[in-house]
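I have placed the structure first, in the form of structure tokens, so that the comments after it can refer back to it.
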Amino acid sequence: MTQPTVSVIIPAFNAADTLRTALGSVQEQSFRQWEAVVIDDGSKDRTAEVVASLALSDRRIRYHKTPSNKGPSAARNSGLAKAQGEYVMFLDADDWIGKHHILRLVKALHRNPLAGGAYTGYTFVTEDGRSQYRIHRNLAEPLSQYLAHSCPFAIHACLVKRHLVQDALGFDETLVFGEDWDLWQRLTRRNIKFLSLDECSAFYQARKGSLTRACGRIIPDGLTVIRRGHAADTSHNGSQPAYESGAPAGNFPSAIFYFILVATGYLVGAGAEVPKACNELPSINVQSFPENIAASTVLDGLMYGAGCSRAELAARWMELWPALAQALQNIFPESVADLNEDVVRREVERQLAKELGPETAPVTLGRTHVLRARLEAGGTPVEIPEGVEVVRAHVSLDNRPFDVADMPVVPGVLAQAAPAAAVLKKHRSIFDPHTRRIIRDNPQLVRLLLGRRTIFFLWDLIHVSRSRWRRRLSAYLSSRINSFLAVRFGLSPVQSRQQECPTIEDRAPSLAESDPERMAWEKVFATVDPWSFGSAYEQTKYKHTLELLPDTPIGDALELACAEGDFTAKLAPRVGHLVAADISEQALLRARQRCGELQNVTFRRSNLRRDPIGRFDLIVCSEVLYYLNDRFELRRLASRLAKSLSTGGHLLMTHSNLVVDDNGVTGFDWVHGFGARFIGETFASIPGLHLVRELRTPLYRVQLFRREPGRRRYSTGPGELISREAVLPSDPEVCGRINWDGCAITRARAYTTNVTRELPILMYHRIASHGPDGLAPYRVSPEAFERQLAYLKHHGYISIGLDEWVYALSAQDGRLPGRLVCLTFDDGYLDFRENAWPLLKHYGFSATVFLPTDLVGRSAEWDRTYGEPAELMSWNDVRALAKEGVTFGAHGAGHRRLNQLSVADMFVEGRLSREKIEAELGSPVRVMAYPYGGNSDLVRRAMESCGFISAVSTNPGLSRLGDDQMALPRQEILGADKMDDFIAKLGPPEPATIDRRMRYYLDRWTRRNLWR
């Protein structure tokens, strides 16, 4: 016999019934240079006869027998000593391998001679052989790190160089369970490379009782291997420096938790006794582990232990659950982990329910009820059995399967519209056969998808990075299809904008309307004193304006845009006769009341753009000219005003400095086409007008012109220049529009040349300089926060609320003009009121604060383990901030992880928190944030049932079209973030379509006004 390349070592103990299959699979290999070394570990059955009968016809099969049963590890080590091949594979006597299994592994190792081993996935076969599951772990970490907490492949899925196993001293014979896992762990920590093949050609058949002898050792031995993986290994010189000290200690609790879960499931499935908790277990924070992964881990253990499929487990569930619940209580006492067995049960039952098709409905699996629903029968009620917490609905359309939705419920009657509406919120791929069928069967939908809205969307899409085309297009089509079906079956009203929540487009200027009509100004003056005329800022401006009045007597005077008559009352005593004009009748009514005792004042309604002016010795025109359409209309009005002045008459104007004139100096970032500087330059260029005097402050200019008919040349500058300091506006919104020392990009430019397709929703906790060290990542200093706000303002960002963005996602295909950002603050710390809000007001940004309602006015008790908890805002603070424009959302009632609660408690947390805030503020609450970010599809649907229309998670990323509105991602801003980190979390500004950008440059030249 030629020298074999591969030695297949098969330990066998009383394996006569299965050994023929195992050896047969080796004999059928397409790779022929192998030997099979069978180690009979003291068998008492016909194992020797089976091997002998096969060896007669195949000399590559070698048989050795040990005098007594010493266990698989000793048998494998014995076979290793007798093996002759360059590579070894360890095959259990009750498993088998596919025809090309060895060939593929050998070829992979020959192509990569530096690798020490190679492995494939494996196929799990139930005991009856009817069900198979392909299992291939896609590792997100190095194999050596993964092996510190679990083994990703079956023992016979791996082919390894024989000398490496011998150098590692083979299998640890003190281990009854996990001996192969321990071996691979030791090899990879020696810097030995293993190749992963995308195959599942090793077959593992679960047989109940196959590990009966090892059941009592599964948990102790498994914990031993995990501890070794997290401990230092200095027994040899081949350890990788990165792994010599073991896996990170912080990963140890999670490794223990998941292993004990799968081991407990295995023992319960096998009908074996589960030991009580080991005193050496570390304290485990169960709430930090996703409940769906924990449930899946338990199910894997049950499936392996019972040797059956998940569908069969579903049939046996009510028999298995009592034993599993008791085992979990025993293995996880409160001193080790506060495990909520009800949550585990709910998630396990949900996953088992996925194995039950619609043909089984209606059926109840513990607390999960499986039913069928039809989109067409939205109003038909369905009875929910007592004790059910979750409904899994198989929804059909036109008697064909459509989708599946899981919903949290309370016992009683459920309308079929509920699960139908739930499936219409799910993403729908254009490549899904159901989606293509819906489009094909609905001509009206086809016409809708070929309409103008789609054309505009595609035009915008070609301006997006090509790598994002498929995702955006898929999300757009999914949204349109779901909206169409919802309207067709009456499952939701046609989307309309909420009047109480204006969007950015309501506040931003309209590009189609340049001259405010009378009714627009009547709307402005529907509010008394809309610009705080009595404030120190306005009064100082009036004083500066009067300071520039000409020294000569003034006979007839005209005040354009007199508003409510505050300045009129101050000007009237300084002139002979005053005509006060305004476009708004409401403004004139209040002006007449204010100046009722002044006999020399006449009021008239006038539109300065169209109505005749008359002739006057003095014309006062303040804070109004930047509402004209463009530079051409401004120049025409300037000529008209010049001609309306008597010879030697004066024109007095006061206007604010705008950054649109010069973005390198201080000014207001309003969306007008020009400010005081450009207005002054335009009037100075009118023949016959001479700029006599100018008073300048950082925020506005007062300019006095005199009519000199013989003067032909343009004024080059004021004859007299006066500098004064300005008082800051008292209105936070006005003050927030000031850009000190200019800006990099104006709001008007950003509004036209940029578009937001991916919104950064920023998440903050505390804005404070001091606190417990353990909470430092969640604490941003006021100085750092101010630098971040200054950056946002300097670069043209505008803050919006979550309601506005959610509306844009559904009705505007996830895009809004300008550079937008959403600022959110969790927990309602007192330092938000003391440190954050004053800065937000100063820089002109809004905010949304999420409150744990049961703890308002108290302290953040959930942080007490780190030190003295920080103080939270009181309801008085909340009400005061709400009046100033802060939006408040819910953060649960008691700041509990919602995904770790029962369904009933989920509803209680959601409803109580929403109703409490609404009662305190007297306004609807429609947004929430999940405490600790803990959410699942059940939590999201529960919060939706509680009346919330959107919610934010702690998942990182930018929010975009296609996101679940009940789990919008956020970018967490940490205390250690540098400015580069902060800027990176905003994402790059996105350009608008080329037609909008070209329009901006044209408007910039014409100085087109963007105010509506």
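A compact table of results
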read-out	value
Cross-link reach list, lysines versus Lys985, counting only Cα pairs under 28 Å and skipping chain neighbours closer than eight places	Lys425, Lys426, Lys793, Lys841
Heavy atoms of His577: accessible area, 1.4 Å probe, square angstrom to 10	60 Å²
Gain upon complete extension [Arg46, Asn955; 0.36 nm per residue less C-alpha separation]	321.4 nm
Lysine-lysine proximity count for the stretch 6-247, Cα under 27 Å, sequence distance 8 or more or distinct chains	21
Dipole axis of the stretch 961-1012 (+1 Lys, Arg; -1 Asp, Glu on Cβ), positive-most option in Pro988, Leu1010, Gly962	Leu1010
Residue-count net charge about Thr174 - beta-carbon cut-off 13 Å; Lys, Arg +1, Asp, Glu -1	-2
Solvent-accessible area of Ser769 with every protein chain in place, 1.4 Å probe, in Å² to the nearest 10	60 Å²
Point-to-point label distance, Arg134-His577, nm (Cα→Cβ direction, 7 Å offset)	9.6 nm
Under 5 Å, built H, 5+ apart or other chain: amide partners of Lys354	none
Selection of chymotrypsin sites (Phe, Trp or Tyr not before Pro), the stretch 426-476, meeting DSSP coil and at most 12 other Cβ within 10 Å	Phe431
Nitroxide proxy distance, nm - points 7 Å out along Cα→Cβ at Arg879 and Thr865	3.7 nm
Around Cys743: net Lys/Arg minus Asp/Glu count, Cβ-Cβ under 9 Å	0
The stretch 543-591: C-alpha gyration tensor shape, a/c 1.5 cut-off, then a/b vs b/c	prolate
Separation of the Ser639 and Asp741 label points, Cα + 7 Å toward Cβ, nm	4.3 nm
Whichever aspartates and glutamates have a C-alpha closer than 17 Å to that of Lys643, once near sequence neighbours (fewer than 8 apart) are set aside	Asp556, Glu559, Asp611, Asp617, Glu633, Glu708
13 Å tail of the calculated P(r), the stretch 570-626, as % of Cα pairs	64 percent
The stretch 1-81, relative contact order [Cα under 8 Å, separation at least 6], %	37 percent
Length gained when the stretch His100-Gln599 is fully extended (0.36 nm per residue, less Cα-Cα span)	168.8 nm
The stretch 516-734 shape via C-alpha gyration tensor axes, a/c threshold 1.5	rounded
0 to 90° range, to nearest 10: angle between helix 903-921 axis and the chain longest Cα axis	10 degrees
Amide H contacts of Glu35 (H built 1.01 Å from N, under 5 Å, at least 5 apart or other chain)	Val6, Ser7, Val8
Reachable aspartates and glutamates from Lys916, criterion Cα separation under 14 angstrom, eight or more residues apart if same chain	Asp854
Efficiency of FRET between Val727 and Arg592 - r from beta-carbon atoms, R0 25 angstrom, step 0.05	0.30
³J(HN,Hα), Karplus 6.51/-1.76/1.60, whole Hz, each residue of the stretch 348-363, x for Gly, Pro	5, 5, 4, 6, 5, 5, 5, 7, 9, x, x, 5, 7, 6, x, 8
HN-Hα J in Hz across the stretch 689-701 - Karplus 6.51, -1.76, 1.60, θ = phi - 60°, x for Gly and Pro	9, 10, 6, 7, 8, 9, 10, 10, 10, x, 10, 7, 10
Overall form of the stretch 745-994 per C-alpha gyration tensor (a/c, 1.5; a/b vs b/c)	oblate
Charge dipole (debye, nearest 20) of the stretch 47-177; +1 at Cβ of Lys and Arg, -1 at Cβ of Asp and Glu	540 debye
Check: the chain dipole with +1 on Lys, Arg Cβ and -1 on Asp, Glu Cβ, in debye	3800 debye
The stretch 6-247 - accessible surface per residue (Å², probe 1.4 Å)	42 Å²
Relative contact order computed over the stretch 6-247 (Cα-Cα under 8 Å; 6+ residues apart), in percent	21 percent
Farthest toward positive dipole pole in the stretch 885-924 [+1 Lys/Arg, -1 Asp/Glu at C-beta], among Ala890, Ala904, Pro924	Ala904
Sulfur and carbon atoms: percent of accessible area, the chain [1.4 Å]	51 percent
Proximal charge balance of Ala361 [Cβ under 14 Å; K/R count +1, D/E count -1]	0
Amide hydrogen neighbours beyond the local backbone of Val755, cut-off 5 Å, H modeled	Gly818, Glu990, Ala992
Rounded to 5, percent antiparallel among DSSP beta bridges of the chain	40 percent
Lys/Arg +1, Asp/Glu -1 at C-beta; the stretch 516-734 dipole; positive extreme among Leu637, Val528, His655	Leu637
The chain, relative contact order [Cα under 8 Å, separation at least 6], %	7 percent
On Cα atoms only, tilt of 310-331 relative to the major axis of the chain in degrees	90 degrees
HN-Hα J in Hz across the stretch 833-839 - Karplus 6.51, -1.76, 1.60, θ = phi - 60°, x for Gly and Pro	5, 7, 10, 6, 5, x, 6
Helix 469-488 vs. the chain, principal-axis angle (Cα, 0 to 90°, nearest 10)	80 degrees
Entry for Cα extents along the principal axes in Å (calculated from the structure that is shown) out of (i) 127, 66, 56; (ii) 101, 76, 66; (iii) 130, 64, 60	(iii)
Estimated dipole of the stretch 516-734 in Debye, rounded to 20 [Cβ of Lys and Arg +1, of Asp and Glu -1, Cα centre]	880 debye
For Arg20, solvent-accessible area (1.4 Å; no DNA, RNA or ligand), Å²	120 Å²
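The values are calculated or read from the model by the stated rules, or taken from the named source; none is laboratory data. None of the values given here were measured: they were computed from a predicted structure. In this analysis, Cβ positions are derived from the backbone assuming ideal geometry, glycine residues included, and neighbour counts consider all displayed protein chains. We work out accessible area using only protein heavy atoms, side chains counted, and drop any ligands, DNA or RNA first. Shrake-Rupley method; radii C 1.70, N 1.55, O 1.52, S 1.80 Å.
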